[in-house]
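Below is one structure, written out as structure tokens; the observations come after it.
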Amino acid sequence: MTDFTRRQVMFLAASLPFAGTAARARAAAQKITVALDWTVNTNHIGLFVARDKGFYRDAGIEVEILPYADTGSGTLVASQVADFGISGSLGLFTQKSAGADLKAVYAVVQSETGRVVFNADRAAIKTPKNLDGLTYGGFGSAWENALISTIIRHDGGKGEFSTVTLGTSAYEALANGAVDFTLEVSTWEGVEAGLKGLKQRSFRYADYGVPDEHTTLIVSSNAFLAANRQAAAAFVQATRRGYAFAVDHAQQAGELLIAANKDTLTNPALVHASLKALNDGHFLKSADGAIGTMDKAKMEAMDGYLFASGILLDGDGKALKQKPDLGAFFSNEFLGA
């Protein structure tokens, strides 16, 4: 499993319209911090666009995008070191169930970006049931086991496979035969593999019994939201403008992201190709126009799946005995109209 995907695995009522921006700009801007879930990539593009295009300034807030650190973004938010953070949906559900003060306020992507991936020349792998008995490269976490077993069994297999914890690139492990398959983020790692000329095939989780989900979210803490409702709405709505800009003006948005992260994003072709994949696949904005909104049915389906799989644990590490209250996990109210 690649480093970027590992981070995916292991881990109010007040709306602020954009009218009157000049008056708000004259007032003292409230400072807001945002923690990233991994090194900068196109999942984060809306934040940088909103900052560098002045959308946050227009909304009367000053936003600092914190550099990625070893401490997970969910932990930083729950402990109020950061006001907002990029988080995988798995991280939200598992940390919240264990007692962390977290609430999702924005869906970065509208559907699942993860894939089970393997070399295209593996002719014997035609459908997921052919993964039975093969070797998976990853962590062997409860989530990975449930995910892969579900996909294989849904296709008629037994859901049995072995796991190797990778100490090298997943693609190197695939190439040298150390593993037979792994997981990837299709809109970043999958795009990068294509640019490198690697021939791969993949299975989409939601095609084989795993609920579709908002893979990547923006979360905050109830403590921050309750004390800063107006600023929170300003941040979420300005961030939404940033992601909408990335949909409507992809080339310029990509250039802004690269310019803001020259030391990290050294392959402009990857950034632009990844953003194209996000837009062409209707990830940042769904085919029916949804952007930032969390779909209640998707959240409920994933909540139920994780609960039924025994992945949601309480603060003592014991499996929850009943599904948690989903209303405590997310809210669309800060998005405004």
Contour excess over end-to-end distance, with Cα ends at ALA223 and ALA178 and 0.36 nm allotted per residue: 11.6 nm
Positive-end extreme of charge dipole, the chain - chosen from PHE118, ALA178, THR163 (charges on Cβ): PHE118
Accessible surface of segment 48-164, 1.4 Å probe, proportion on carbon and sulfur as whole %: 46
Solvent exposure of segment 84-181 as accessible area per residue, Å², 1.4 Å probe: 35
Where segment 276-337 is the region considered: accessible area per residue in Å², 1.4 Å probe: 52
Accessible surface of segment 182-271, 1.4 Å probe, proportion on carbon and sulfur as whole %: 47
Highest-first arrangement of 154-163, 86-95, where packing means the average Cβ count within 10 Å: 86-95, 154-163
For the chain, calculated [θ]222 nm from helices alone, where every DSSP H run of n ≥ 4 adds -39500 (n - 2.57): -10500 deg cm²/dmol
Translational diffusion coefficient (Stokes-Einstein; Kirkwood radius from C-alpha pairs) of the chain at 10 °C, 1.306 mPa s, in µm²/s: 78
For segment 228-284: relative contact order, % (alpha-carbon pairs under 8 angstrom, 6 or more apart): 32
Charge sum, other residues only, whose C-beta stays under 11 Å from LYS158's C-beta, Lys/Arg counted +1 and Asp/Glu -1: -1
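The values are calculated or read from the model by the stated rules, or taken from the named source; none is laboratory data. Keep in mind that what you see is a predicted model, and the values were worked out from it rather than measured. No Cβ is skipped: glycine too gets one built from the backbone with ideal geometry, and neighbour counts run over all protein chains shown. With ligands, DNA and RNA removed, areas are computed over all heavy atoms of the protein, side chains included. Shrake-Rupley method; radii C 1.70, N 1.55, O 1.52, S 1.80 Å.
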